[in-house]
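A short write-up of the structure that comes next.
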Amino acid sequence: MARKAIKIFLDSNALLSGLLSEKGAPRVLLDILCLDMPLVKGVTGEYNILEIERNMKKRLPAILDIYQSYFPKLRLEIIPIPPIETLKPYIGMIAAKDAPVLGSAVTSGADYLVTGDKKDFDKLKDNAAIPVKVVSPSELVHLIGHMFSS
């Protein structure tokens, strides 16, 4: 029986961490996406890309070249910023600044929202009210490893 592909939504911090370091789970996830494997599809939000680019220009201009050359290799599906009506159910569940991230992840149909933001997203880890599972980069690397070893 063929395995179903998993769709992973990458939060800004997971993408930035993967670009900044050649080691660690965030980079492993980016490398997996660069392989264009049929069982793992990546997605992020337009909101996340704007946040990443704003942070790089302000704090990390030295990695702009890395970002511009590496990012297209990820072949990420980009989800437009969701309308406010889509975000309303998530405001109060998460900080208002993170509602577009959660809304984009849900809209994308992702199986997993990958984030290193424990402070804001950990409270959503086992929340049945959202149809996406919130995981850290290392948790997802472990899940993918298990998926390919069985």
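The values are calculated or read from the model by the stated rules, or taken from the named source; none is laboratory data. Bear in mind the structure is a predicted one, so any value in this text is a computation, not a measurement. Here the Cβ is made from the backbone with ideal geometry for all residues, glycine too, and neighbour counts use every protein chain on show.
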Let me spell it out: the conditions are (1) in a loop (DSSP other than H, G, I, E, B); (2) closer than 17 Å to ILE79 by Cβ, and PRO38 meets all of them except one. Which number is the exception? (2)
Selection over the range 33-66 where residues are touching a helix residue (DSSP H, G or I) at 6+ places or on another chain (Cβ under 7 Å), crowded, with 18+ Cβ neighbours inside 10 Å and closer than 25 Å to LYS7 by Cβ yields a count of 10
The one condition SER69 fails out of (1) of a type in the set (Ser, Thr, Tyr); (2) within 18 Å of the chain's Cα centre (by Cα); (3) closer than 23 Å to ARG27 by Cα is (2)
So, ILE79, is that one at pLDDT 90 or above, in contact with a strand residue (DSSP E or B) (Cβ under 8 Å, 6 or more places away or on another chain) and among the aliphatic types (A, V, I, L, M) or not? yes
So, ARG75, is that one touching a residue at least 40 places away in the same chain (Cβ under 8 Å) and either surrounded by fewer than 19 Cβ atoms within 10 Å (Cβ to Cβ) or under 21 Å from PHE148 (Cβ atoms) (or both) or not? yes
Applying the selection to the range 3-26, what residues are out of contact with any Pro (no Cβ under 9 Å at 6 or more places or on another chain) and part of a helix (DSSP H, G or I)? SER12
Identify, from the list TYR70, TYR112, TYR47, the residue that is more than 22 Å from GLU139 (Cβ to Cβ) and modelled with pLDDT of 95 or more. TYR47
With of a type in the set (Val, Ile, Thr) and within 13 Å of LEU15 (Cβ to Cβ) as the only criterion, which of ILE49, ILE81, ILE91 stands out? ILE49
Hey, SER69 polar (S, T, N, Q), surrounded by 13 or more Cβ atoms within 10 Å (Cβ to Cβ), part of a helix (DSSP H, G or I) and on the phi < 0 side of the Ramachandran plot or not: no
